[in-house]
Amino acid sequence: MAGVTITRAQLGEAVYQEVGLSRNESAELLEAVLSQISDALARGETVKISSFGTFSVRQKGQRIGRNPKTGEEVPILPRKVLVFRPSQVLKTRVNDRRRPGMMS
């Protein structure tokens, strides 16, 4: 599934277009929001954005994996992983865009 990647610069430009702040203020606002989300996740908190989704951190325990080339068993250390669960609103919006004949 090939798609277009949206960058921070493009998000900052979208904020500039929608909100009417200067480009610098828009970029600073975007960075502040992303920083708040990152900091909360680093503290192990859940971040819920209504009508978008929920970001959370999950602890994965130690387990045994295998090197696919040699078949050798290798311990995989415990770690934290980031999980995103989209809201039903976001799921519906994404799926509506994929239907043939739908206009955006």
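The values are calculated or read from the model by the stated rules, or taken from the named source; none is laboratory data. From a predicted model like this one, the values you see are computed outputs, not experimental measurements. Reconstructed Cβ throughout: ideal geometry from the backbone, glycine too, with neighbour counts over all protein chains shown.
Observations on the model:
- For the stretch 45-79, filtering for residues that are of a type in the set (Gly, Ala, Ser), farther than 30 Å from Thr92 by Cα and not in a strand (DSSP E or B) leaves 2.
- Only a single item in (1) over 29 Å from Glu13 (Cα atoms); (2) of a type in the set (Gly, Ala, Ser); (3) at pLDDT 95 or above is not met by Ser35, and it is number (1).
- Sub-6 Å Cβ pairs linking a first residue in the stretch 77-91 that is in contact (Cβ under 8 Å) with a residue 24 or more places away in the chain to a second residue that is charged (D, E, K, R), at least 6 apart or interchain, are Val81/Arg58; Val81/Lys60; Val83/Arg58, ordered by first then second residue.
- Val94 being surrounded by 10 or more Cβ atoms within 10 Å (Cβ to Cβ) and at pLDDT below 95: yes
- So Arg58, is it more than 22 Å from Gly3 (Cα to Cα), within 18 Å of the chain's Cα centre (by Cα) and at pLDDT 95 or above: yes
- Filtered residues of the stretch 1-50 (kept if of a type in the set (Gly, Ala, Ser), in contact with a helix residue (DSSP H, G or I) (Cβ under 9 Å, 6 or more places away or on another chain) and surrounded by 13 or more Cβ atoms within 10 Å (Cβ to Cβ)): Gly12, Ala14, Ser26, Ala27
- Complete set of residues in the stretch 10-32 that are polar (S, T, N, Q) and over 18 Å from the mean Cα position of the chain (by Cα): Gln17, Ser22, Asn24, Ser26
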